[in-house]
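See structure below.
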Amino acid sequence: HIPELADQSLVDLRAHYPQWVDSKRIEIVTGDGRKGYSGRAPYDCIHVGAAAPSKPTELLAQLKAPGRMFVPVGTNNQYIVVYEKDSNGSVTEERVMGVRYVPLTDAAMQFMG
């Protein structure tokens, strides 16, 4: 949700890996990471690099069956949670370890402080 970061990412990728950008191997999308990117769903695997406050159901909906999602979850006490979606669409979850990540936020929270 910060266009300047997406723009700079594209500049950096073009400088080091122009073939990835030109071939559409990598696509930079500006948006709310909490909502995922349904435009290319479903995904075989999803890795989230910031902590969701609770189970990220919008992202789970974009996960292919079967598929796996790896995400930090929690506010004060955070855990890496691995969600597994089986071929029938049933989801299991396993807490793997305690961690500390920055929160997954919206644009307004990003610019506070």
Extension reserve of the ASP86-GLU4 stretch, reckoned as 0.36 nm per residue once the Cα distance is removed
25.8 nm
Ranked highest first by average number of other Cβ atoms within 10 Å, how do 57-64, 23-30 line up?
57-64, 23-30
Evaluated over region 1-84, the Cα radius of gyration and Dmax, each in Å
14.5, 42
For the chain, with every protein chain kept in place, what is the accessible area per residue (1.4 Å probe, Å²)?
68 Å²
Using a 1.4 angstrom probe on heavy atoms only, work out the carbon and sulfur share of the accessible area of the chain in %.
52 percent
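The values are calculated or read from the model by the stated rules, or taken from the named source; none is laboratory data. Since this is a predicted model, take the numbers as computed values, not measurements. Heads up, the Cβs are rebuilt from the backbone with ideal geometry, glycines too, and the neighbour counts pull from every protein chain shown. SASA here: full protein model, heavy atoms, side chains in, ligands and nucleic acids out. Shrake-Rupley method; radii C 1.70, N 1.55, O 1.52, S 1.80 Å.
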